[in-house]
Amino acid sequence: MSSARLARSLLAALLVIGGVLGLSAGASAQDRGTAVVVELDAAIDPASADFLSGALDDAESDGAALVIVRLDTPGGLLDSTRQMTDAITESPLPVVVYVAPDGARAASAGLFVTQAADVAAMAPQTNIGAATPINADGSDIDSDLGQKITNDAAAYVSALAKSHDRNGDLAASMVTDAVSVDSEEALDEDLIDFVEPDTESLLGALDGFELAGPKGGTLDTAGLELEEVTPSFTDDLAAILLNPTVSFLLLTVGLIGLAIELFAPGTIVPGAIGALSLFGGLFGALQLPITILGVALLLLGIGLIIAEAYVVSGVLGIAGIISIALGGLFLFDTQSDVVAVSVPAVIVLAVVLGGFAVFAGRKAMQARHEPVRTGEEEMVGMIGRVREPLDPAGLVFVAGALWKARGAAGLSGDELEELRRRESRVTVVAVDGLTLAVVPGERELTGGGAPTSPTGRSLGAGSHSTHS
């Protein structure tokens, strides 16, 4: 083989080897994948729990290498916390919970989420703990029930921590004694695995970390790209509807709107708004721990306000407003002061909605008792002038047009004589086909629908009634 041919062969071999290595390197880079970063900076409730569960499922489907949950929460519902911890432990991907940014906290329920993670990390100037279960109003849960809930929560968080070789005793004391520590103390006490200033630094520190717990293995995070995941519009909408204060407002508006429509059919707007509000309120209420007492007080309050529309006493309206306010305060049993109905909001909403309901109810009842004004009968009570003497029939000018008219039954001789004078003023009291029944002068209708004569007696208005 000539030296030239040998050189060409060596060059071709090098090109092939280089191409193979390049493809291998490209495939390797592609296989590095992504580290999905899930932003969770809200109270822990059904909406945030569903968001996290969905984000973990999507990350698995997209072939992510691991998930970093950036957490900042004041706490939340125990049931939603369990849903989150189950989603983390059941996910096949390594899940890192990172309490960040500076100033963030993993309070109350956030402690459980952090200890469920395969890796627990915090940013500087953050804190974790204070996880004692309490009532929605911030008070301690009474007696044996409170002790049972506290002991169960303490045992659960201790097991989560110990399964990842962390300090289960400290985690338990955060439940039983409301202990809270900062990031540095948490690291010193083996409650967490890392303290890092930002997500990029954390990702670098995770490379080569040995996972403890059921997932095990060694993390390989070199070259991973960070991919942010934030809540969608539907996630944000669900979070709004699941807010206990919003849910209470929508339920109250819905029930009042439907009650007004029920007692004054045909008003349409209160019924439409009420139906939409009620559906929105039920969406939130059915996913929150609702109480029978709260529902009963809410219904009682609305019933009292509707009764006030019939019986103008003031007492029923005030009692209804108080009942609605109490119903809002007792409507949800969340065992958390984070996910609870706002007391000031309840008082303001009860007064405003209660006052509006009383006003609207009274107007609706007044409308029901007003004379029927439809078609030709709308002319009853209108004032006109005689254009052709009524002897006994003639023409009157009413509502911009000439009408055939006769004197109403029961008129005196002087009153009939008045109807024979041109341009004399008359009042329409009834409509018979295209013929009007009129009386002289401008008259006000009595409760029975007929005008009164100068002597005070009631004048007949034919067979047509102006009242329902």
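The values are calculated or read from the model by the stated rules, or taken from the named source; none is laboratory data. This structure is a prediction, so every number in the text was calculated from the model and none was measured. No Cβ is skipped: glycine too gets one built from the backbone with ideal geometry, and neighbour counts run over all protein chains shown. Heavy atoms of the whole protein, side chains included, go into the accessibility calculation; ligands, DNA and RNA do not. Shrake-Rupley method; radii C 1.70, N 1.55, O 1.52, S 1.80 Å.
Right, Thr234: in contact (Cβ under 8 Å) with a residue 40 or more places away in the chain and of a type in the set (Val, Ile, Thr) or not? Explain how you work it out, then say what you get.
Working: in contact (Cβ under 8 Å) with a residue 40 or more places away in the chain: no; of a type in the set (Val, Ile, Thr): yes.
No; evaluated as a whole, the condition is false for this residue.
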If you go through the range 225-247 one residue at a time, do you hit one that is modelled with pLDDT of 85 or more, farther than 30 Å from Glu60 by Cβ and of a type in the set (A, V, I, L, M, F, W, C)?
yes
Taking the range 399-414 as the region of interest, how many residues are among the hydrophobic types (A, V, I, L, M, F, W, C) and more than 13 Å from Ala430 (Cα to Cα)?
4
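Given the options Gly317, Gly303, name the one that is modelled with pLDDT of 70 or more, surrounded by 18 or more Cβ atoms within 10 Å (Cβ to Cβ) and not aliphatic (A, V, I, L, M).
Gly317
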Members of the range 66-100 that are touching a residue at least 40 places away in the same chain (Cβ under 8 Å), closer than 16 Å to Ser183 by Cα and over 23 Å from the mean Cα position of the chain (by Cα):
Arg70, Leu71, Val96, Tyr98, Val99, Ala100
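Condition check ((1) in contact with a Lys or Arg (Cβ under 6 Å, 6 or more places away or on another chain); (2) more than 15 Å from Ala259 (Cβ to Cβ); (3) at pLDDT 70 or above) across all residues:
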{"site": "Thr291", "(1), (2), (3)": "no, yes, yes"}
{"site": "Gly294", "(1), (2), (3)": "no, yes, yes"}
{"site": "Leu298", "(1), (2), (3)": "no, no, yes"}
{"site": "Phe356", "(1), (2), (3)": "no, no, yes"}
{"site": "Arg362", "(1), (2), (3)": "no, no, no"}
{"site": "Gln366", "(1), (2), (3)": "no, yes, no"}
{"site": "Arg373", "(1), (2), (3)": "no, yes, no"}
Of all the residues that make up the range 202-239, how many are touching a strand residue (DSSP E or B) at 6+ places or on another chain (Cβ under 9 Å) and outside any loop (DSSP other than H, G, I, E, B)?
11
The listed residue being surrounded by 14 or more Cβ atoms within 10 Å (Cβ to Cβ) and not polar (S, T, N, Q), out of Glu210, Glu185
Glu185
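Evaluate the following for Ser277: is it open to solvent by less than 60 Å² (accessible area, probe 1.4 Å) and either at pLDDT 80 or above or not aliphatic (A, V, I, L, M) (or both)?
yes
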Could you list, ordered by first residue, the pairs with Cβ atoms under 8 Å in which the first is in the range 411-440 and in contact (Cβ under 8 Å) with a residue 24 or more places away in the chain and the second is aromatic (Phe, Trp, Tyr), at least 6 apart or interchain?
Leu434/Trp403; Thr435/Trp403; Leu436/Trp403
So which residues in the range 280-300 are aliphatic (A, V, I, L, M) and open to solvent by 30 Å² or more (accessible area, probe 1.4 Å)?
Leu282, Leu286, Ile290, Ile292, Leu293, Val295, Ala296, Leu297, Leu299, Leu300
Across the range 54-102, which residue is farthest from Gly217 (Cα to Cα) among those that are open to solvent by 60 Å² or more (accessible area, probe 1.4 Å) and part of a loop (DSSP other than H, G, I, E, B)?
Asp102
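Just to check your reading of the model, which residue among Leu206, Leu170 is among the aliphatic types (A, V, I, L, M) and in contact (Cβ under 8 Å) with a residue 40 or more places away in the chain? Spell out how you get there, then give the answer.
Working: Leu170 fails: in contact (Cβ under 8 Å) with a residue 40 or more places away in the chain.
Criteria check complete, one pass: Leu206.
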Of all residues in the range 257-269 being within 21 Å of Leu298 (Cβ to Cβ) and at pLDDT 80 or above, which is surrounded by the fewest Cβ atoms within 10 Å (Cβ to Cβ)?
Leu258
